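A quick write-up on the structure given underneath.
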Ligand SMILES: [Zn+2]
């Protein structure tokens, strides 16, 4: 019973833990600098509300890009940025869009882990912006049908 109580106490965060951490650098500073890893405190969880919204936005606009590319192709236009054999293969093109979204999330994660939380958010925001522009562009292209 005592062992279990001690075990439980070990996992309860001490209310003094923070104040002890704040006091210790002043005492230790001249002799032993704290390792960098000890100072690492994440500002937020990676999968927090904002990131989930941003990544969903990236996924939505990637899907819209897919749909709008298919749309302008049906209207007789050609994709100019990606080779035809990729675009004409539905699964291949969908995979490319998914890979684009996944890469974006992966780079955001690297920014997050290296403490660049603003860049982490802006990458997704920029991705959404650029893709939204592309989607608007695709839908704005004039229909050219062979006469
Ligand atoms: Zn972050």
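FYI, it's all coordinate maths here, none of it is from the lab. The structure presented is a predicted model; accordingly, all values stated were derived computationally and were not measured.
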By how many nm would the segment from residue 85 to residue 122 grow when fully extended, if each residue of separation counts as 0.36 nm and the alpha-carbon distance is taken off? 10.1 nm
Report, largest value first, the span of the C-alpha coordinates of region 102-144 along each principal axis, in whole Å. 48, 17, 6
Let me know the whole percent of all Cα-Cα pairs from region 63-146 that are separated by more than 15 Å. 63
